[in-house]
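Just so you know, all these numbers are worked out from the coordinates, no wet-lab data involved. Being a predicted model, the structure only gives us computed values, none of them experimental. Reconstructed Cβ throughout: ideal geometry from the backbone, glycine too, with neighbour counts over all protein chains shown.
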C-alpha cells in the first residue's frame with residue numbers, strides 16, 4: 001500500500017483508494033473499549049485519576065483512598081470519562097496566618113488601628129526575690145557577703161577575691177559555690193577605714209601574692225599576703241584620723257602598685273608634701289618608690305585627694321583614674337604622674353557617693369553608693385568624654401562599691417547594702433557588669 005498524495009488515505013495497488021478503515025466510535029470509542037477491557041481484565045475496577053499540577057502526594061492519597069473503597073465495598077462501576085472541557089487556570093493558594101496566641105489583658109479585637117491586636121510590649125524580666133543565699137539574677141557571682149569594699153578578679157576570669165571592709169576577711173567567690181575565706185586581716189573599721197583596697201600582684205600566677213589597704217589602730221598601711229600565710233606589712237605610717245581613712249589599690253602597666261590615700265580628716269594634708277595622706281603613691285612590691293617616679297626616692301606621684309574610694313587602670317595601661325568624695329562634690333580624676341589632682345575630669349554636684357571604678361578602652365565606669373547604680377562615661381578618641389554618664393543597673397542590686405575589670409569587656413561589682421542600704425537575704429553580693437554600649441547621652 002502507498003499513501004495518496006491528496007488525502008493521505010491508504011490506497012490499493014492500481015491507484016484506487018480503498019474504503020476508510022474505522023472502528024465504531026472513532027478514536028474516542030477505541031480508548032473507551034481499551035479501558036473497559038482493562039477493567040474486566042484486572043477485576044479491580046480501579047480507574048486512574050489524573051491530578052493536575054505538581055501536587056504528587058494528592059495522587060498517591062487519592063489512589064490509596066480508592067483502593068480502600070474497593071476493598072471495603074467490592075467493585076464499583078465507573079462511568080466513561082466525561083468529554084474534555086476547555087482548559088482553565090488552577091486557582092492559586094495564598095497562605096493565611098494561623099491563629100495568634102492572645103495574652104490576657106493585651107490587645108484583642110479592635111486593639112489596633114488596623115483591627116489587629118497590638119504586639120505585646122516586652123518589659124524587663126521579673127526576677128524572683130532571693131531565697132536565703134540563693135539569688136536568681138543571672139549576673140550574680142557571689143552572695144551572703146558583708147560590705148564588699150573591694151574586688152580582685154583572678155586570671156581565669158571566673159573566680160575572684162572580695163574584701164569585706166568591717167570584718168577584714170578576704171574570700172574567694174565563684175558562681176554556684178559558697179564563698180571560701182582565704183585570709184583574715186586584723187583591721188580597725190572606724191572612721192570609714194578597715195579593709196578598703198585589694199589588688200593582685202603583677203606576678204600573681206607565679207607568687208599568689210595579694211596586696212591590701214587596711215586601717216589599724218595606729219595607721220593606714222599596705223600589706224601583702226598569700227593564701228595560708230599571715231599578712232606582712234609593705235608600706236606603713238600612712239596617717240589615720242577620725243574620718244577619711246579609706247584607701248584604694250591598683251597596678252599600673254609597668255607593674256607598680258598605685259595607692260590612693262585619704263586625708264585622714266585633715267584637708268590641708270592633701271597639699272602637704274611631707275605626709276603620705278591625700279596622695280597617690282607609686283611603689284614596688286616591697287614598699288619602696290617604684291622606678292620611674294617623677295621625684296627620685298619619693299613614692300608620691302600626685303596630691304590633692306580627700307576621701308578616695310577607687311582607683312583603676314585600663315587593660316592596655318594607657319589611662320588611670322581615681323574617684324574622690326571632695327568636700328563639695330564627687331569627682332573623677334585622670335591620673336598624670338607628677339601633676340596635682342586639681343582639675344577633675346568629671347564632677348557630680350549631686351554627690352551620688354562615687355566608689356570603685358573600672359577603666360575600659362572606650363569608657364570608664366564608676367560605681368555609686370547612694371546613687372545605687374553604675375555610671376559609664378564614654379570616651380572620644382582624644383580622651384574627652386562623650387556626653388553625660390550612661391546609667392546602668394539603677395536600683396537593681398542596691399548600693400554599689402568595689403569594682404575590678406575582666407579584660408576589656410566586663411567588670412565585677414560588689415555591694416554594700418548591709419552597711420546602710422536595704423539588704424535582701426542574699427546581700428551583700430558580687431555581680432558581673434558588661435561594658436556599656438557606645439550610645440550617647442545619659443543622666444547626670
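Using a 7 Å offset from the Cα along the Cα-to-Cβ direction at both residue 395 and residue 134, what is the distance between the two label points in nm, to one decimal? It works out to 2.8 nm between the two label points. Segment residue 218..residue 434, full-extension length gain: 73.8 nm, with 0.36 nm per residue of separation and the alpha-carbon distance subtracted. Taking other C-beta atoms within 10 angstrom as a stand-in for reagent exposure, 346, 412, 321 fall in the order 346, 321, 412, fewest first.
Exposure proxy shown here: for 388, 279, 410, 232, the number of other Cβ atoms within 10 Å sets the order, fewest to most, as 232, 388, 410, 279. In whole angstrom, note down how far apart the Cα centers of the range 230-296 and the range 358-413 are. About 24 Å separates the Cα centre of the range 230-296 from the one of the range 358-413. Dividing the mean sequence gap of close Cα pairs (under 8 Å, 6+ apart) by how many residues the range 140-185 holds gives a relative contact order of 34 percent.
Modelled spin labels at residue 316 and residue 177, positioned 7 Å past Cα toward Cβ, are 3.4 nm from each other. Label positions at residue 337 and residue 286, each projected 7 Å from the Cα along the C-beta direction, are separated by 1.9 nm. How are the alpha carbon pair distances in the range 348-437 distributed across 10 Å bins from zero to the largest one, expressed in percent? The distribution over the range 348-437 is 19, 51, 26, 5, 0, given as percents. Fewest-first ordering of 137, 288, 176, 306 by other beta carbons within 10 Å of each residue's beta carbon gives 176, 288, 137, 306.
Across the range 140-434, the relative contact order, built from alpha-carbon pairs under 8 Å that are at least six residues apart, equals 15 percent. Note on residue 296 and residue 206: with the Förster distance fixed at 30 Å, the Cβ-Cβ geometry gives a FRET efficiency of about 0.55.
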